[in-house]
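Report on the following structure.
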């Protein structure tokens, strides 16, 4: 077996001797032989591939514990784990990007420079919930108001009270003096309060929650579970939430295609929901808006039955939020209505604008 000194191996692998000694101590990359007299390390040529993988993963920013896990996996599983890691990085980067944008705007406002966009905007909205054709009861809760839009999908023996508690905790924020800077903290506190209520409802009880809270300049999003929020802008539909579900994680890792996920037997299993566990954190971020934006919040009773292309078509077809929301619920029921279905449709319009329909 051809052996290389630590110096030669360092040059070939693009890792410093100091890094190689550290990875030896961490059992990430053990030398093939250590001289018993001098303690000098020697590496086999065949170890170069693993060394380069470690170096690449370090450049990617992966923590050492994650690198150890990846290196222990077969190539295909290692690739899936790297994809999953990068999906988490991108999600965290999006949150930091939104916070950076807020700080820029906040500090710019403090400088005394007037904002270029002084248009006053408000929400025009409608909401509807329906039991569907299969479920014996409706465990969804839906709400639309001047500042708050929310959908929650409860599950378990007290799913209805759970979803109701989640939405009720947010409704109190409609009367708060909100700023884009503090609204995420208020949302997080409200969700924690709802979580404590849900914990007292019993075991195997929980709810999803997807909500948008209007600050007067931005929408603050709170999201946990697989209810969804969509944005229709200039005729294009964008999903602005990420499902916390088993099948979504498999899609993120490249193990399933979206088409395969639609028929997956575990498509209803959640990775995160409000269940009373204080360590479970929702997604929280600020969302920039434009006049004319249309938002849809819905439970999975819509998204699991109606394809996104049809959702886009129905949202774009009617300028009246009330007729649009009824059309969405009706098409879900026409597709079998296998679950409770709840929808909120809201348009961001100039203040004082009257409906044209």
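Some notes on this structure:
- Helical content of the chain, expressed as a calculated mean residue ellipticity at 222 nm, amounts to -12500 deg cm²/dmol (DSSP H runs of 4 or more residues, -39,500 (n - 2.57) each, divided by residue number, nearest 500).
- Mean Cβ count within 10 Å, highest first, over the residues of peptides 124-130, 60-66: 124-130, 60-66
- Multiplying the residue separation of residue 3 and residue 264 by 0.36 nm and removing their Cα-Cα distance gives an extension gain of 89.0 nm.
- Euclidean distance of C-alpha centroids, region 60-79 and region 1-54, integer Å: 18 Å
- Computed on region 120-350, with alpha-carbon pairs under 8 angstrom and 6+ residues apart, the relative contact order is 30 percent.
- For the peptides 334-346, 244-256, the ranking by mean Cβ contacts within 10 Å, running from highest to lowest, is 334-346, 244-256.
- Pairwise FRET efficiency - residue 277 versus residue 233, Cβ, R0 = 56 Å, nearest 0.05: 0.95
- Read-out Rg/Rh (Cα atoms, Kirkwood Rh), derived from the coordinates shown; its label in [x] 0.97; [y] 0.95; [z] 1.10: [z]
- Our note on the geometry: Cα centres of region 147-216 and region 307-341, 24 Å apart.
- Two-site FRET efficiency, residue 40 against residue 93, from Cβ-Cβ distance with R₀ of 35 Å, rounded to 0.05: 0.25
- Ascending count of other beta-carbon atoms within 10 Å, so fewest first, for 142, 191: 191, 142
Every read-out reported here was derived from the displayed coordinates using simple, explicitly stated rules and does not represent laboratory data. Keep in mind that what you see is a predicted model, and the values were worked out from it rather than measured. Neighbour counts run over all protein chains shown; Cβ positions are idealised from the backbone, glycine included.
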